[in-house]
Amino acid sequence: MQIEQYIERYFEETAKITESVDREEIKKAVLLLSALKKNGGRLFILGVGGSAANASHAVNDFRKIGGIETYAPTDNAAELTARTNDEGWNTVFYKYLETSKLRQNDAIMIFSVGGGSQNASLNLKEACDYAKKCGAKILGIVSRDGGYTKQKADVCILIPVFSQDTITPHAEGWQGIIWHLIVNALP
């Protein structure tokens, strides 16, 4: 495929995603996070790979712009790698949440391409299960079929797939678009 064709296709897919993203789920996310803020709850943003980098940026926005106490476990490389070494990669998020004493008025937000499954991002699956156990809310900004996050989330914003070779760039790019929309819509 020529560069010009790829560029055109990418923007066409972006336009289709813009038309397809569920506005009602975004509204639910704003309302859930508004209530969390009002009740003094904390937000923990979880992601791996590019989604971990997005989580770090989103923490800044939810804290500075949104006024919500927010954390990303992947921001602490020492703790993340110690937990990976000593307890296993699958447990890194839920153990962080356990140490943070995750509670009912808190929430986790999952940034992920696939949302976690039996075979991939098991750390996100474990975190969702732990959040449910604690009564915390679960939000997701994910793609593909939403994976485990979509099954467990109170609110799940799904980034639709229009081409297999652009799933990851659209998923991770749209995480930024959606969280920026949400954080700036908070009262």
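The values are calculated or read from the model by the stated rules, or taken from the named source; none is laboratory data. The model shown is predicted, which means the values in this text are computed figures rather than measured ones. Positions of Cβ are generated from backbone atoms using ideal geometry, with glycine treated the same way; all protein chains shown enter the neighbour counts.
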Exactly one of (1) at pLDDT 95 or above; (2) closer than 14 Å to A52 by Cα; (3) crowded, with 23+ Cβ neighbours inside 10 Å; (4) not charged (D, E, K, R) is unmet by T149. Its number?
(2)
Quick check on my filter: what residues within segment 92-139 are part of a helix (DSSP H, G or I), touching a residue at least 60 places away in the same chain (Cβ under 8 Å) and in contact with a Ser or Thr (Cβ under 8 Å, 6 or more places away or on another chain)?
N123, L124
For the structure I just gave you, tell me whether D86 is over 22 Å from K152 (Cα atoms) and touching a residue at least 40 places away in the same chain (Cβ under 8 Å).
no
Considering residues of segment 71-128 that are hydroxyl-bearing (S, T, Y) and within 15 Å of L139 (Cα to Cα) only, the residue farthest from the chain's Cα centre (by Cα):
Y71
List pairs: first residue in segment 1-19 and under 13 Å from S163 (Cα atoms), second residue aromatic (F, W, Y) and part of a helix (DSSP H, G or I) anywhere in the structure, Cβ distance under 8 angstrom, at least six positions apart or on different chains.
I17/W174
Look at E126 and say whether it is at pLDDT 95 or above, closer than 27 Å to P169 by Cα and surrounded by fewer than 23 Cβ atoms within 10 Å (Cβ to Cβ).
yes
Number of positions in segment 134-146 that are closer than 19 Å to T14 by Cα, buried (at least 16 other Cβ atoms within 10 Å of the Cβ) and not small (G, A, S):
3
Identify all residues within segment 58-91 that are in contact with a strand residue (DSSP E or B) (Cβ under 6 Å, 6 or more places away or on another chain) and either in a loop (DSSP other than H, G, I, E, B) or at positive phi (or both); write none if there are none.
I68, A72
Among the residues of segment 20-57, the number that are of a type outside the set (S, T, N, Q), in contact (Cβ under 8 Å) with a residue 60 or more places away in the chain and in a helix (DSSP H, G or I) is 11
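A quick yes/no check of all residues on (1) over 18 Å from V48 (Cα atoms); (2) in contact with a helix residue (DSSP H, G or I) (Cβ under 6 Å, 6 or more places away or on another chain); (3) not hydroxyl-bearing (S, T, Y):
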{"residue": "F62", "(1), (2), (3)": "yes, yes, yes"}
{"residue": "K95", "(1), (2), (3)": "no, yes, yes"}
{"residue": "K101", "(1), (2), (3)": "yes, no, yes"}
{"residue": "S117", "(1), (2), (3)": "no, yes, no"}
{"residue": "N123", "(1), (2), (3)": "no, yes, yes"}
{"residue": "S143", "(1), (2), (3)": "no, yes, no"}
